[in-house]
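Here it is: the structure, laid out below.
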Amino acid sequence: LANMFVATPEGTALAYGSLVFMALLPIFFGALRSVSCGKSKNSSDMPETITGRDAARFPIIASCTLFGLYLFFKIFSQEYINLLLSMYFFVLGILALSHTMSPFMNRIFPANIPIKQYQLLFTQGSGETKEEMVNYEFDTKDMICLVISTVVGVWYILKKHWIANNLFGLAFALNGVELLHLNNISTGCILLGGLFVYDVFWVFGTNVMVTVAKSFEAPIKLVFPQDLLEKGLGASQFAMLGLGDIVIPGIFIALLLRFDVSLKKNTRTYFHTSFLAYIFGLGLTIWVMHTFKHAQPALLYLVPACIGFPLVVALLKGELTEMFR
């Protein structure tokens with residue numbers, strides 16, 4: 001989470017309030033969709049399961065990637081890297097946004113328009129040895145989602161507008177929370193603990209994280225202008241929140257919602273606890289950053305809150321052993 005500009009109190013409050021609200025959307029809807037996605041039969045919607053070994057490796061891989069990008073930005077011209085990244089995220093963003101929109105499209109689609117089914121099949125070999133490489137089924141509604149997403153994508157590529165950036169960022173975050181499943185609570189603790197150290201080290205120990213975040217023109221962060229009230233939509237001074245600070249705690253919160261569902265008690269105690277803990281952690285990050293005027297590793301505050309609060313609740317309810325099973 002970073003901010004490099006002195007804004008009016010109203011502008012600051014609006015920017016941070018909006019960032020918190022935007023961060024909560026993908027966590028809330030992504031968690032709800034992660035429950036149904038686990039039961040889905042469609043292969044393209046199957047979640048990726050993160051094991052303990054993956055969780056332990058992740059901070060090391062993330063550190064190497066981050067440092068690699070930092071060196072790239074130092075050695076090569078920024079335009080070329082950002083052009084390459086823009087194309088990559090353009091394709092990814094369109095797919096993520098389509099996937100995010102499809103459930104809403106199902107609800108609002110007019111009943112009198114005929115829906116045609118399509119299938120994209122790509123095979124290798126022939127006869128007995130024929131195997132499917134790509135098998136993608138979609139319909140008219142998916143096509144409309146794709147067209148809308150492409151329009152947003154072109155808008156993002158041409159204008160790099162912050163609203164287009166946020167639409168893609170929210171779609172990435174929601175898909176991340178929905179489709180990345182932790183296999184159990186202890187894996188979640190390993191992942192969050194490792195990334196807690198990673199975030200603190202790269203933000204406080206070096207200038208690497210802040211440099212990359214500011215040089216990197218891709219929808220990997222949510223931004224909101226602090227001078228919106230003065231300059232309207234052409235505002236240019238942004239407060240920003242990295243998607244990692246949404247997705248990483250988000251997949252843990254989604255896991256707790258699935259744990260709530262598995263208890264079959266018709267309560268959502270752990271989900272609500274961790275969701276409120278996230279709001280508390282993010283609020284604390286913003287307060288510290290505003291007080292000390294230095295970019296903050298949001299996971300420093302989010303990880304203890306998102307793990308600590310639910311653990312205390314589990315301890316009080318006597319469900320701790322069940323939780324770690």
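Quantify, in whole percent, the carbon and sulfur part of the accessible surface of segment 231-325 (1.4 Å probe; protein heavy atoms only). List each step's numbers first, then the result.
Details: 2960 of 4310 Å².
Roughly 69 percent, rounded to a whole number.
Calculate the length of the line joining the C-alpha centroid of segment 279-318 to that of segment 231-264, in whole Å.
Cα centres, segment 279-318 to segment 231-264: 13 Å.
Per the helix-only calculation at 222 nm, which mean residue ellipticity applies to the chain, given -39500 (n - 2.57) for every DSSP H run of n ≥ 4 and division by its residues, nearest 500 deg cm²/dmol? Before the final figure, lay out each step's value.
Working: 12 runs with 217 residues, N = 325.
Rounded to the nearest 500, it is -22500 deg cm²/dmol.
Can you list residues from other chains, or at least 5 along the same chain, whose modelled amide H is less than 5 Å from the amide H of Glu137?
Leu120
Follow-up. Between Asn183 and residues 5 or more places away or on another chain, which pairs have amide H atoms under 5 Å apart, with H built 1.01 Å from N, and which residues are they?
Residues meeting the amide H criterion: Ile50.
Please report the carbon-and-sulfur percent of the accessible area for segment 154-196; probe 1.4 Å, protein heavy atoms only, DNA, RNA and ligands left out. Don't jump to the answer; show the numbers that get you there.
Values: 1060 of 1450 Å².
Here carbon and sulfur together make up 73 percent of the probe-accessible area.
With every protein chain left in place and a probe of 1.4 Å, what is the accessible surface of Val223, to the nearest 10 Å²?
10 Å²
Given 25 °C and 0.890 mPa s, how large is the Stokes-Einstein diffusion coefficient of segment 89-228 in µm²/s, with Rh as the Kirkwood radius over Cα pairs?
133 µm²/s
Short version: ³J(HN,Hα) in whole Hz for each residue of segment 25-32, in order, from phi by Karplus 6.51 cos²θ - 1.76 cosθ + 1.60 (θ = phi - 60°), x for Gly and Pro, what are they?
So the J values, rounded to whole Hz, are 4, x, 5, 5, 6, x, 5, 4.
Amide H to amide H, which residues 5 or more places from Gln237 or on other chains are under 5 Å from it, using H placed in the peptide plane?
The list, which skips near neighbours in sequence, is Gln226, Asp227.
For the chain, what does the relative contact order come out to in percent, with C-alpha contacts under 8 Å and a separation of six or more? Before the final figure, lay out each step's value.
Values: 445 pairs, mean separation 96.8, N = 325.
Once divided by the residue count of the chain, the mean separation gives 30 percent.
Mean 1/r over all different Cα pairs, inverted: what Kirkwood radius does segment 239-325 give, in Å? If you can, show how the numbers build up before the last one.
Values: mean 1/r = 0.0734 Å⁻¹.
Mean inverse Cα-Cα distance, inverted, gives 13.6 Å.
Also: Among the listed pairs Lys160/Lys214; Lys159/Lys231; Lys74/Lys159; Lys160/Lys221; Lys160/Lys293; Lys265/Lys317, which have their C-alpha atoms separated by more than 20 angstrom in this model?
Numbers: Lys160/Lys214 14 Å; Lys159/Lys231 17 Å; Lys74/Lys159 25 Å; Lys160/Lys221 13 Å; Lys160/Lys293 27 Å; Lys265/Lys317 13 Å.
Beyond 20 Å between Cα atoms: Lys74/Lys159; Lys160/Lys293.
Within 10 Å, count the other beta carbons around each residue, average over each peptide in 23-31, 227-235, 120-128, and list them highest first. Mind dumping the intermediate values first?
Values: 23-31: 21.9, 227-235: 13.8, 120-128: 8.3.
Descending packing order for the listed peptides: 23-31, 227-235, 120-128.
Ignoring ligands, DNA and RNA, what accessible area per residue does the chain give at 1.4 Å, in Å²?
Working: 16990 Å² over 325 residues.
I get 52 Å² per residue for this part.
The values are calculated or read from the model by the stated rules, or taken from the named source; none is laboratory data. For clarity, every value in this text was computed on a predicted model and none was experimentally measured. Virtual Cβ from ideal backbone geometry, glycine too; neighbours counted across all protein chains shown. Accessible surface is based on the protein model in full, side chains and every heavy atom, while ligands, DNA and RNA are left aside. Shrake-Rupley method; radii C 1.70, N 1.55, O 1.52, S 1.80 Å.
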